[in-house]
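Readers should treat all values here as calculations from the given coordinates under stated rules, not as data from a laboratory. Since this is a predicted model, take the numbers as computed values, not measurements. Neighbour counts are summed over all protein chains in view; Cβ atoms, including those assigned to glycine, are modelled from backbone coordinates with ideal geometry.
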Amino acid sequence: MIPMVDLGKQFSGIREEIFLMMSQILESSQYILGPKVREFEGKMAEYTGVSQAIGVASGTDALHLAMEALDIGDGDEVITTPFTFFATAEAIVYTGAKPVFADIELDTFNMDCSKIEEKITPRTKAILPVHLFGHPCDMEKIMEIAGRHNLFVIEDCAQAIGAAVKGKKVGSFGDAGCFSFYPSKNLGAYGDGGMITLKSSELADSIKGLRNHGSKGSYVHESVGFNSRLDEIQAGILLVKLKRLDEYNKKRRMNASFYRAALCDSVRCPSEKEGAYHVYNQYTILSGDRDRIQKALKEHSVSSVVYYPQPLHLQKALGFLGHKEGDFPFAEQASREVLSLPMYPELEESSIEQIAEIIKSVAG
Ligand SMILES: Cc1ncc(COP(=O)(O)O)c(C=O)c1O
C-alpha cells in the first residue's frame, strides 16, 4: 500500500523532540496565545520575510479574518480562481463579498493573470491568488495589476509554504498571506491551525483583535470579533517542524523530479515556471486517461486523489453566482483530467518507479 501522505513516517523522525515540546507545554499550563504561539509567529514572520505574523485557528479563518481586517464586505467583489479548495471562495462569501472567477492556465493550475483585468469592475476590492498545489502564482504581474487598479491582494498560501518567486517567498507579496497548518500541508500541525503574514502593524493589530472576540484580552471589546486562536500545543509542534521545512520541501522537489523523469512521456506533468520555486504539496498530473489510471493504481494498492472533481463555479453551494458549464473551460478540463499522486518527503524513489510503471502501462 502506498498512501498519499505518510505522517507516521515523518513523526518517527521527530518523536523525541515532539514529546519534549509537549511536556514543556503541558507543564507550563499555558494553552492559548502563550509564549509558543508568540515564538512561532516571530519565526514565521522571519521565514516568510515580513514584519508580522498572526496565528489563527485555520487557513479558512486566516483568509476570512484578513479580508475582514481589510474591510472587504457587502457589495464588494474579490477576483479569484475557480480551481481551488472550496474554502477560498467560502471565506469570500463569509465577508458578504462576491467571488468573481478568472479561469486558470493548465500548466500550473493557477489563475491566468491575463484574464484578471477583464474581471475588474468598480466594485472590485481585491485579488485573491491561490498558489495551488505548491506552485507560486505570477506575483509580480498580480501586484502590478493590483497597483494600477488600487486593489488589495490576499495570497492563499495554504498549499505553498516555502514556495517563492525569484527567491521571494509567497505570503510576502500581497497585503496579507494566508497559511493553513492542516496536517497534510507541507508544514502540518496535529490538528487545525492557520496564520496570516502581513507588512502593516496596523492591520496586524486589528487581526489580533478579530481573532479574540474583538478584544486585546482585557475584556474590553472594540468590535464584534471571532474565536480563532492558534493554540500552544499546535504552535509547539509547528516550531519543531518549521526547522525542518526547507529540508522537507527539498525532498518533495527531488521526488517531483523522479516523477517527471519517469512520466513526462506518458502524461502531462506539472511544470515549473521560470523563477518559480514549487514546493509540491501535491504532484498532480493531467491525462485524458485519468479514470483508467486511477483504477489501475487502486488495483495495485496505490492511493491517488482527484483534487478537485468539480470547479467552484459549478458547485451547488455557489449556485447563487449563476454560472454554467463552459464558463471556465480550463478549470473544467482540469477537473476532468487531474490526478494527484502520492507525494511526501519520505516517499521512496522505488515507490515512485513502481507508480510510474503502473501509469505507463495504462497511459503509455
Ligand atoms: C487552497 C486552500 N485554501 C484554504 C484552505 C483552508 O485551510 P484550512 O483547512 O486550514 O481551513 C485549504 C486547506 O485545505 C486550501 O488547500
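Counting only aspartates and glutamates at least 8 places from Lys316 when in the same chain, those with an alpha carbon closer than 16 Å to its own are Glu90, Glu325, Asp327, Glu332.
For segment 120-204, the relative contact order comes to 23 percent (Cα pairs under 8 Å, sequence separation of at least 6).
Computing FRET efficiency as 1/(1 + (r/R0)^6) for Ser303 and Glu202, where r is the C-beta to C-beta distance and R0 is 51 Å, gives about 0.65. Apply the Debye scattering formula to segment 152-211, with a single equal point scatterer on each alpha-carbon and no solvent, then give log10 I(q)/I(0) at q = 0.13, 0.22, 0.28 Å⁻¹. Values returned for q = 0.13, 0.22, 0.28 Å⁻¹ are -0.35, -0.90, -1.13.
Based on Cα contacts under 8 Å between residues 6+ apart, the chain shows a relative contact order of 22 percent. What is the sum of charges, Lys and Arg at +1 and Asp and Glu at -1, for the other residues whose Cβ falls under 9 Å from the Cβ of Gly96? In short, -1. In order along segment 333-347, phi translates into HN-Hα couplings of 4, 4, 4, 7, 10, 6, 8, 8, 9, x, 8, 6, x, 8, 4 Hz, rounded to whole numbers, per the Karplus curve 6.51 cos²θ - 1.76 cosθ + 1.60 with θ = phi - 60° and x for Gly and Pro.
For the chain, a Gaussian network of Cα nodes joined below 10 Å ranks Asn255, Asn281, Asn227 by mean-square fluctuation, and the top entry is Asn227. Over the chain, the fraction of Cα-Cα pairs per 20 Å bin, rounded to whole percents and listed from the shortest bin up, is 30, 57, 13, 0.
Overall form of segment 273-335: oblate. Here a/c, set by the Cα gyration tensor axes a ≥ b ≥ c, is 1.5 or more, and a/b is not larger than b/c.
Relative contact order, whole percent, for segment 245-363 stands at 41, derived from Cα pairs under 8 Å and 6 or more residues apart.
Here the calculated FRET efficiency for Arg268 and Glu348, from their Cβ-Cβ distance with R0 = 30 Å, stands at 0.80, rounded to the nearest 0.05.
Quick check on the chain: of the DSSP beta bridges with both residues there, what percent are antiparallel, nearest 5%? Roughly 60 percent of the DSSP beta bridges within the chain come out antiparallel. A Förster distance of 45 Å, applied to the separation of the beta-carbon atoms of Ser29 and Arg123, puts the FRET efficiency at 0.40. When Rg and the Kirkwood radius Rh are both evaluated on Cα atoms of segment 245-363, their ratio Rg/Rh stands at 1.02. Exceedance of the 20 Å cut-off in Cα-Cα distance is limited, within the set Lys168/Lys199; Lys9/Lys168; Lys119/Lys273; Lys251/Lys360, to Lys9/Lys168; Lys119/Lys273; Lys251/Lys360.
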